[in-house]
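Reviewing the structure listed below.
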Amino acid sequence: MPLKFLLLVGLFFVVTDVIAQESVKQLQKSTRQESPWAWACRNGRGCVKVAKDSPVEEGDNLDNPTLAGCKLTCNAESTLWPKPRSIISLSKTLVSFHPTDIRINRISAPTTKVKSLTNEAIQVLRSVIRKSIPNTQRGRNQTAKEPQRPHINIQVSIVSGDERLEMATDESYNLHVETIFATAATPASPRSTTSVSITATSFFGARHGIETLSQIMAWDDTLGAMIMLTDANISDSPAFVHRGLLVDTSRNYVSVPVIKKIIDAMSYDKLNVFHWHLTDTHSFPFVSTREPRLSLYGAYSSAKVYRPEDIKELVHYATVRGVKIVPEFDAPAHVGSGWEWGERAGMGQLALCVNKEPWTTYCVEPPCGILNPVNDNIYSVLSNIYQDMRDLFVSDIFHMGGDEVNFACWNETAEIIDWLKTQGRTDKSKEDFLYLWTYFQNRSLAEVDKAYDNKQPIVLWTSGLTEDGHADKYLDKSRYIIQIWTTGTDESIAQLYRQGFKLIMSNYDAWYFDCGYGQWVGDGPNNWCSPYIGWQKVYENSPSKLIVNFNETYNPRQILGGEAAIWSEQVDSMTIEGKLWPRSSALAERLWTDPDTTWRAAEHRFNHHRERLVQRGIQADALQPEWCHQNDGYCFLESN
């Protein structure tokens, strides 16, 4: 090939590369051109996209014309989620800053442990701010100019030395933010100062205050800088003490890193209870130190287990984020995998009807299994499980499950029938099996009490023991909290309330997040609790109103709060975040604020909070086209 030709080809590629690079530079330059759009706060209700060169409409305010600035300052609650329920005063002015401008002036706490927890919560704040900044902007000098940037000085004061979140914990907080701008008269301090004061009775209240502080900050794409409100005064506390999510990790395994992300998102919403449904008939992933055969026989694999060190790490991780982990060991039903070794070990049948068919006769879904209450060995095994959970979890309540007990298996087991005869019960009636169930519950409770060395509150699901108005015949209302999973109009709610039981609401018609998907047993288009539950219905489900709807007088000491549940027949680590969020955020505002207003009043903030969750790394489902987030109030369907 001639040398001249090769030189020409080489020159062609050099010129082409130069042209390409210049095109990229021009494209980058064009993308940096000033946007023709601004955002107007329309009538103090929402932000609307407007052309900068268009006349200002009546009712429009363009004092903070960027999308982030408008969202922070347009309405009375800014972008706070959940909405504070007490005193709130927020400025309409903003200041830009760099994350390095944040300083911790002082943490006042009665113990080194509480001070350490607070320092960790501050590190979470710094991490959240970093996540707010796009990857392309991290590490760069932001637009905020040095003389205009404030020193942000944070001071936290905590009264109580409590390190454990309990139902009696005071979670209130006060947040005060004040910015003093530098003037020519203060040459010694050319930069302005933003003072942040967070005061709380407990660490957990202070942590909520730190979360609220993070929500009056935002990344501004237009300015290329972080911005925050210059001034704020908030005094806040929750409406309900129990604000939770139930996550089932037995039917399908959920990894520890994903559980951490769930706890992260809970902390952004001020949800405070991670109800961990650890075991079920499908698998036994909990590694019991005292009874290792349970997970050996019952886990899906050696990789799909929760070891003691995993649980201890999660408990601390959750505590720093204001969340307590409440373990549930469901019994006597919802057992099977992991219990097959009893006879091999010379302990008799610990569980009955394991994997028995047809499953529709013996349980609500495959596989089946139920504990054997008349085998004394079962109680020594349960005692060991309870002791292991006591050693690992830091919780003031314990969940013993207790739902969906099908009597068919007990009715067909000679060992059970013979035992009932010794008790003078020969009818094999419902009442006989309720007697057997109560016997099991009382003996199991005694083992829990021995393990914990005290009589802490026990949670049970609504079940055959609580229906027909006879709960007080079988259960002591001073010991048991009842978690409602029936519909919100079920008469058993009123019966339990009148009998004086404390209640946690999880009515499936509003707060079961696994509803609305296809069948997984059979070919039907809908699963058992369809349809899908949208965030609006989640938001409208008020525990206090559920009681009032039964013509009862609402007593806040009896209604502890509520939980949304995600049962994992059709969910695992890959899909759980989008099924939980942003609907869990709707639950969070209902349980923190319990507002008198409807979902419509919350929609703009809710849309923005979903964007913030995604910014912080949560795989939250989309709510609407992004256009709706940029044009508040234009995506309503007017009702007749």
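The values are calculated or read from the model by the stated rules, or taken from the named source; none is laboratory data. Everything quoted here is computed from the prediction, not taken from an experiment. Quick reminder, even Gly has a Cβ in these numbers, built from the backbone with ideal geometry, and neighbours come from all protein chains shown. Surface accessibility is based on the protein's heavy atoms, side chains included, excluding ligands, DNA and RNA. Shrake-Rupley method; radii C 1.70, N 1.55, O 1.52, S 1.80 Å.
Go through segment 483-570 and tell me which helices (runs of 4 or more DSSP H), entirely inside it, have 2 or more residues that are without any contact (Cβ under 8 Å) to a residue 12 or more places away in the chain. Outline the logic, then answer.
Values: elements: 491-498, 508-511, 535-540, 543-548.
By residue number, 543-548.
Within the bounds of segment 341-359, is there any residue that is open to solvent by 30 Å² or more (accessible area, probe 1.4 Å), modelled with pLDDT of 95 or more and not in a loop (DSSP other than H, G, I, E, B)? Yes.
Give me the pairs: first residue in segment 399-422 and farther than 18 Å from residue 336 by Cβ, second residue of a type in the set (A, V, I, L, M) and open to solvent by less than 50 Å² (accessible area, probe 1.4 Å), beta-carbon distance under 6 Å, and six or more apart or on different chains, which are they? From segment 399-422, the pairs are 399/326; 399/459; 419/374. Every listed requirement among (1) more than 30 Å from residue 332 (Cα to Cα); (2) without any contact (Cβ under 8 Å) to a residue 60 or more places away in the chain; (3) assigned to a loop (DSSP other than H, G, I, E, B) is met by residue 171 save one, (2). Among the candidates 302, 337, 295, the residue that is over 26 Å from residue 270 (Cβ atoms) and in contact with an Asp or Glu (Cβ under 9 Å, 6 or more places away or on another chain) is uniquely 337.
If you go through segment 395-413 one residue at a time, how many are out of contact with any strand residue (DSSP E or B) (no Cβ under 7 Å at 6 or more places or on another chain) and more than 19 Å from residue 363 (Cα to Cα)? Count: 1.
Can you pull out every residue in segment 72-106 that is closer than 17 Å to residue 132 by Cα, part of a helix (DSSP H, G or I) and open to solvent by 10 Å² or more (accessible area, probe 1.4 Å)? Hits for segment 72-106 are 99, 100. For segment 414-435, the set of residues classified as over 40 Å from the mean Cα position of the chain (by Cα) and closer than 21 Å to residue 330 by Cα consists of 416 only.
Could you check how many residues of segment 45-61 are assigned to a loop (DSSP other than H, G, I, E, B) and in contact with a Phe, Trp or Tyr (Cβ under 8 Å, 6 or more places away or on another chain)?
Within segment 45-61, the first condition is being assigned to a loop (DSSP other than H, G, I, E, B), and the residues that meet it are 45, 52-59.
Next, only the ones that are in contact with a Phe, Trp or Tyr (Cβ under 8 Å, 6 or more places away or on another chain) stay: 52.
So the answer is 1.
Would you check if there is a residue in segment 368-391 being in contact with a helix residue (DSSP H, G or I) (Cβ under 6 Å, 6 or more places away or on another chain), more than 25 Å from residue 449 (Cα to Cα) and not basic (Lys, Arg)? Scanning segment 368-391 turns up at least one residue that is in contact with a helix residue (DSSP H, G or I) (Cβ under 6 Å, 6 or more places away or on another chain), more than 25 Å from residue 449 (Cα to Cα) and not basic (Lys, Arg).
Return yes when residue 264 is under 24 Å from residue 132 (Cβ atoms) and either under 22 Å from the mean Cα position of the chain (by Cα) or without any contact (Cβ under 8 Å) to a residue 40 or more places away in the chain (or both) and no when it is not. So residue 264 passes the test.
Which of the residues that make up segment 595-640 are among the polar types (S, T, N, Q), in contact (Cβ under 8 Å) with a residue 40 or more places away in the chain and under 24 Å from residue 60 (Cα atoms)? Spell out how you get there, then give the answer.
The first filter runs over segment 595-640 and keeps only residues among the polar types (S, T, N, Q), leaving 597-598, 607, 615, 619, 624, 630-631, 639-640.
Now narrow it down to the ones that are in contact (Cβ under 8 Å) with a residue 40 or more places away in the chain: 598, 615, 619, 630-631.
Selection gives 630, 631.
Taking the stated definitions as given, is residue 178 closer than 30 Å to residue 561 by Cα, at pLDDT 90 or above and either assigned to a strand (DSSP E or B) or open to solvent by 10 Å² or more (accessible area, probe 1.4 Å) (or both)? In short, no. Those residues that are under 18 Å from residue 589 (Cβ atoms) and touching a Leu at 6+ places or on another chain (Cβ under 6 Å), I need them from segment 214-240; list them, please. Correct list: 214, 215, 216, 234, 240. Is it true that some residue in segment 533-556 is open to solvent by 60 Å² or more (accessible area, probe 1.4 Å) and hydrophobic (A, V, I, L, M, F, W, C)? Within segment 533-556, one or more residues are open to solvent by 60 Å² or more (accessible area, probe 1.4 Å) and hydrophobic (A, V, I, L, M, F, W, C). In segment 465-505, what residues are closer than 18 Å to residue 554 by Cβ, within 29 Å of the chain's Cα centre (by Cα) and polar (S, T, N, Q)? Across segment 465-505, the qualifying residues are 489, 492.
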